[in-house]
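Here's the structure we're looking at; comments come further down.
The values are calculated or read from the model by the stated rules, or taken from the named source; none is laboratory data. Here the structure is a predicted model, which means the values were calculated and not measured. Please note: Cβ atoms are built from the backbone with ideal geometry, for glycine as well, and neighbour counts cover all protein chains shown. Each accessible area value is taken on the protein alone, full model and side chains, heavy atoms only, with ligands, DNA and RNA left out. Shrake-Rupley method; radii C 1.70, N 1.55, O 1.52, S 1.80 Å.
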Amino acid sequence: MPSTVFRNCTLLDCTGADPTPQTTVLVEGERITALGGPGKPAAAADAVVIDCDGRTLMPGLTDAHVHAAIIETDFTKARRESAATVAFRIKDVLEQTLQAGFTTIRDAFGLDWGFAQATNRGFVKGPRILYVGACLSQTGGHGDWREPYQQMQPLEGVYGLVAVPRICDSPDAMRLAAREMLRMGAHGIKLMAGGGCMSPTDEIEHTQFTVEEMAAACYEARTVGKIALAHVYTPQGIMNAVRAGVRSIEHGNFLDDESAACMREAGAFFVPTLTTYFLISAYGEAEGVPASMLAKINKAKARGMDSLRVAQAAGLKIASGSDVLGSMQPFKSMELALKAEVLGAHAAIVSATRTNAELFGLADEIGTVEVGKRADLIVVDGNPLDDIGVLQNPDNVVLVMRDGQVFKDRRSQRS
C-alpha cells in the first residue's frame, strides 16, 4: 500500500480549529492514517515525502451545485454540438475543476451517470461526482425550456451523457421519475420547486409543484437513504419544499425569517449560489442570454447577500455551491470569496468542506483532515484565512490529491 508524507505544512483541517503550523500528515493508500508535529508520525522507508515548505494543507474543496454538462447558455449553440464534442468539453470542465482544488462535486442536474463511471474508472481525471441526473419540473416550470411557440423540448438528452428535465404533473409522475433516477444511481432527487431565471415562461416569484407532488419524490428518496434538493427562491416556495421533505434548499435568494425558521426546525441545509448571478449579470449578454432572463438574474442578485445574512442569523447549516454555467465554469472558487464577505473567510471555507460533506452524507469520509478520512487534500500557496482570494487562482493550488492519488503537483514551479 503506497504511503505519502506531507511535512512542514500549515494544517487547516476545517474542523473549525485554528491552523496548525509545522504539521506532518501521513497518508496510506486512500486514507489519512496519522497526524503529528515535526518529524512525526513515522512513515515507511519507501514513502513519498512531500515538503510543503510551510504552505497551507487543507481538505479538497467541494461544490454542492454544479452543472458540468451545461457547456453553453445558448441552446442554439448547444444543438450544433455532436455528442462526441459535448463529451470532450464536459471532460475538460471536470478535469479543470479538479485542478482548481475541487475534489468532490454534486452535479445539480444535467450530468448523467456515465461520467461518474468514467471518473471512477480513471478515464476522466476529475473530482468525485455525485449526480442527480434529470431534474423534475412541472409543465411551464423552470425545467420546461420551451418558448410559448414551441411544442417539443428544444434539447434532447443523451443517455449516460447528458440528462434533460423530466416534466411531471402529478404525484404518480413524480414517483415514477424519482424511481427512475434512483435506479440509475442518482445521489439525490432534484426538484424545480419555483420559477427560475434561465427559463422562458415563468417568473422567479412563482411557486411550482404542490406539496403532495414533491412529497412523493421525497418519499422515494428517503426509502433508499437519500435526499431531495430543490431549486426555489421565495419564502412560500421554500416552506412548501421543506414541508414536503426537501432537505437541501438551492438558491433561496428571497429567504426571510419565517422560511429560515422552517428550515432550521427541519434541519434543512441552505445552498446559496451567489457566483452565478454576479457572472451572468456581467457577462450574460455576451453569452447570448436574453434580456428578459438577465432582468430576473439581476433581481435575484440584488437579494443574494441579504439571504445569506438571514441564514447566518437563523443559525442555518450553510453549504456552498456556485451554479456556474457555460464559459463561466472556471470560476467556482469565487463563491467562497463572496460568502466570506458575510461569513468571514474561515466559515466560508468550512461551508465548502465540512458542511458540504455533511450535506452529502459523507461527513465520515471527506470534508476535514482527520485520521480515517479519505485523503482528499490540497496544498495552497498562501494562507486563505488571511486572503481567501488565493483560492480563486488555480495556480495557487499547487498540489491536489484525491483518494490518496496525486493529480497535480506544481510545487517546483512555485518555489
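Some observations on this one:
- Extension gain from Asp395 to Asn298, taking 0.36 nm per residue of separation minus the Cα-Cα distance: 31.8 nm
- Computed from backbone phi, the HN-Hα couplings of the range 172-180 come to 5, 5, 5, 4, 5, 5, 4, 4, 5 Hz, rounded to whole numbers (Karplus: 6.51 cos²θ - 1.76 cosθ + 1.60, θ = phi - 60°; Gly and Pro given as x).
- Per-residue HN-Hα couplings for the range 303-317 [Karplus 6.51, -1.76, 1.60; θ = phi - 60°; Hz; x = Gly/Pro]: 10, x, 5, 4, 5, 5, 5, 5, 4, 5, 5, 7, x, 6, 7
- Applying a threshold of 23 Å to the alpha-carbon distances of Lys226/Lys339; Lys190/Lys317; Lys226/Lys408; Lys91/Lys339; Lys317/Lys339 flags Lys226/Lys339; Lys226/Lys408; Lys91/Lys339 as lying beyond it.
- Interchain or long-range residues, amide H under 5 Å from Cys135's placed H: Gly110, Arg166
- In the chain, taking the dipole from charged Cβ atoms about the Cα centre, the farthest positive-side position among Ile167, Leu11, Gln150 is held by Leu11.
- Here the Karplus relation 6.51 cos²θ - 1.76 cosθ + 1.60, evaluated at θ = phi - 60°, turns the backbone of the range 69-75 into coupling constants of 8, 8, 8, 9, 8, 9, 4 Hz, with x for every Gly and Pro.
- Seen from Leu343, the other residues with C-beta closer than 14 Å to its C-beta sum to a net charge of +1, counting Lys and Arg as +1 and Asp and Glu as -1.
- Spacing of the modelled spin labels on Asp409 and Val158, each 7 Å from Cα toward Cβ, amounts to 3.5 nm.
- The range 286-415, accessible area per residue, ligands and nucleic acids excluded (1.4 Å, Å²): 37
- Accessible area of the chain belonging to carbon and sulfur atoms, whole % at 1.4 Å probe: 50
- Using the Cβ-Cβ distance between Arg80 and Gln151 with R0 set to 22 Å, the FRET efficiency from 1/(1 + (r/R0)^6) comes to roughly 0.55.
- In this simple spin-label approximation, Glu287 and Arg183 carry label points 7 Å from Cα along the Cα→Cβ vector, and these lie 3.4 nm apart.
- Cysteines in the chain lacking any other cysteine Cβ under 4.7 Å from their own Cβ: Cys14, Cys135, Cys168, Cys197, Cys218, Cys262.
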